[in-house]
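Below: one structure, written as structure tokens.
What follows is calculated from the coordinates using simple rules that are stated; it is not laboratory data. These numbers come from a predicted model, not from an experiment. So basically every Cβ, Gly included, is an ideal-geometry build from the backbone, and we count neighbours across all protein chains shown.
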Amino acid sequence: MMAVTNWLLEGEPWVVYRTRMDLMGESFDSPGVKFASIDLVQHAKIQALLEELLDWPGQVLKSHKKAGLLLHKLVFIADIGIQPDYPQVALILDKVRAMASRSELPPSRFAPCTLAQPASPTAIRPGATASGSSFVGFRTSPQ
């Protein structure tokens, strides 16, 4: 198992971060995790993704099955370990929360595929991870 773990620790920053947190059981405060977290948010691919997310809510939703939707990318950055208090992410989440607080949904023909209204059990999208919903600051649905 150590050979596999060592191999994973040589990977992309998001792999290193998740390996340390999930496989090695390191705490968020450990030096290795902190370094991996910094490396993660500074990676060019992640910076490009965060820059794209600043355009929230993005295009009109015609189907929630398209992986390129900002909705899915927001959940993705939560799943790989980017923290909601990172300055660029905080700006994105402010936009998401502002829409929800005004009971506005992102442009869509399919309301169930977007942010649920604040008064209802909320979720980012059907099947969204609990980390994605809590990342935005919403309660997760009991499903």
7 Å from Cα along Cα→Cβ at both M2 and H72: what's the point-to-point distance in nm? 4.0 nm
Run the numbers on segment 1-42 and let me know its relative contact order in percent, using alpha-carbon pairs under 8 Å that are six or more apart. 34 percent
Neighbour-count ranking for L9, L70 (other C-beta within 10 angstrom, fewest to most) reads L9, L70
Paired Rg and Dmax values of segment 1-42, which use every Cα atom, in angstrom: 9.4, 29
Sketch the reach of a paramagnetic label on Q83 as a point 7 Å from Cα along Cα-to-Cβ, and name the residues of segment 35-64 whose backbone nitrogen lies under 12 Å away. 35-39, 41
Arranged by the count of other C-beta atoms within 10 angstrom, fewest first, what order do L23, L69 take? L23, L69
Could you please rank R18, R97, placing first whichever residue has the fewest other Cβ atoms within 10 Å of its Cβ? R97, R18
Report the calculated FRET efficiency for S30 and M99 (r = Cβ-Cβ distance, R0 = 41 Å), to the nearest 0.05. 0.70
